[in-house]
Amino acid sequence: MKTIMAATMNISVQLCRHFSRNSSRCLTFMQHRLCRNADSGTQSHQCNRTYQTGAHEIGESDLWKKYQDAKSWCDEKVLPHVHSVNPTAVFANNEISLSDIDIYGFDYDYTLATYTEDLHYLIYKLTKDVLIKLKKYPEDIADLPYQPDFAVRGLHYDVTKGLLMKVDSFHYIQLGTVYRGLTALSDEEVKKFYHGTHIPLSQMNSFHGSGANLRQMMDLFSIPEMTLLANIIEYFSKKNIPYDPEYLFGDIHDAVKSVHYSGEIGRASCRERV
């Protein structure tokens, strides 16, 4: 296996060096586009690009030929007792004896049950209703529209500062992604707030972190929650209404949970077929 990996890497390095000698940068030649043949249902590669490397012009088909040659060489090195992996098979933890399992559970959301984007609009609306009726928030927030393209899964929310941002896997804030409400902060403001761009793990509440300051919004249902947070912060800022970011986060987070736990989302989903 090490021999096969080394051979494949060697081919890649050789091609990369070839580009480096003749071009200002090493091209990622393995990137490609696939098109699906509507009649046969098979995938084919669109070899319609060329790369200019000094005095030579190399077509994408040439790169794929080198890749296929390397792949064929690797396939020849596979030992006879090694079986091909079935891509349609289901794999389980082989340390668990299924005979010891009495009850099998299945995740429901987005597995047994699939939803349309209308569900996010519904969560957003129901959460606003809870905030107005139970938390006594201003009735004007009922008019704040849902913006489906504002947030994505995986963003971090700074509970103490009221800022939504993208933090990479090395705990660095991605400049240009930090928002207070719907207003982007400048890079200088971000660096001043955080004394740079790195966030200590002790402040993060994500997969490994246990801190309370930065909460990662990973759930599929968190997108309407983030959007509502941003909209209400923007509303309070424009209306000069003082607020505590931590209490605001708690109110909205609890409101989102309440529409789940109360069963209202399930009932509304059945009524509106989202």
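Tell me yes or no: at least one residue of the range 180-191 is open to solvent by less than 50 Å² (accessible area, probe 1.4 Å), outside any helix (DSSP H, G or I), among the aliphatic types (A, V, I, L, M) and over 28 Å from Glu117 (Cβ atoms).
Taking every residue of the range 180-191 in turn, at least one turns out to be open to solvent by less than 50 Å² (accessible area, probe 1.4 Å), outside any helix (DSSP H, G or I), among the aliphatic types (A, V, I, L, M) and over 28 Å from Glu117 (Cβ atoms).
Within the range 161-175, is even one residue open to solvent by 20 Å² or more (accessible area, probe 1.4 Å), within 25 Å of the chain's Cα centre (by Cα), within 15 Å of Ile232 (Cα to Cα) and not hydroxyl-bearing (Ser, Thr, Tyr)?
Yes, the range 161-175 contains at least one residue that is open to solvent by 20 Å² or more (accessible area, probe 1.4 Å), within 25 Å of the chain's Cα centre (by Cα), within 15 Å of Ile232 (Cα to Cα) and not hydroxyl-bearing (Ser, Thr, Tyr).
Do you know which of the residues in the range 197-215 that are part of a strand (DSSP E or B) and open to solvent by less than 30 Å² (accessible area, probe 1.4 Å) is modelled with the highest pLDDT?
Filtering the range 197-215 for residues that are part of a strand (DSSP E or B) and open to solvent by less than 30 Å² (accessible area, probe 1.4 Å), the one modelled with the highest pLDDT comes out as Leu214.
All but one of (1) at pLDDT 95 or above; (2) touching a Pro at 6+ places or on another chain (Cβ under 8 Å); (3) not in a loop (DSSP other than H, G, I, E, B) hold for Leu131, so report the exception by its number.
Among (1) at pLDDT 95 or above; (2) touching a Pro at 6+ places or on another chain (Cβ under 8 Å); (3) not in a loop (DSSP other than H, G, I, E, B), the lone unmet condition for Leu131 is (2).
Check the range 100-123 and report whether any residue there is in contact with a strand residue (DSSP E or B) (Cβ under 8 Å, 6 or more places away or on another chain), assigned to a loop (DSSP other than H, G, I, E, B), modelled with pLDDT of 65 or more and closer than 30 Å to Pro148 by Cα.
yes
Checking the structure you have, find out if any residue of the range 216-224 is farther than 23 Å from Asp140 by Cα, open to solvent by 20 Å² or more (accessible area, probe 1.4 Å) and assigned to a helix (DSSP H, G or I).
No; the residues of the range 216-224 include none that is farther than 23 Å from Asp140 by Cα, open to solvent by 20 Å² or more (accessible area, probe 1.4 Å) and assigned to a helix (DSSP H, G or I).
Does Gly181 satisfy being farther than 30 Å from Tyr137 by Cα and of a type outside the set (Asp, Glu)?
Spelling it out, it is not the case that Gly181 is farther than 30 Å from Tyr137 by Cα and of a type outside the set (Asp, Glu).
The values are calculated or read from the model by the stated rules, or taken from the named source; none is laboratory data. Bear in mind that the values here come from a model prediction, so they are computed numbers and not experimental data. We place every Cβ from the backbone using ideal geometry, glycine too, and count neighbours over all the protein chains shown. What goes into the accessible areas is simple: the full protein's heavy atoms, side chains included, and nothing from ligands, DNA or RNA. Shrake-Rupley method; radii C 1.70, N 1.55, O 1.52, S 1.80 Å.
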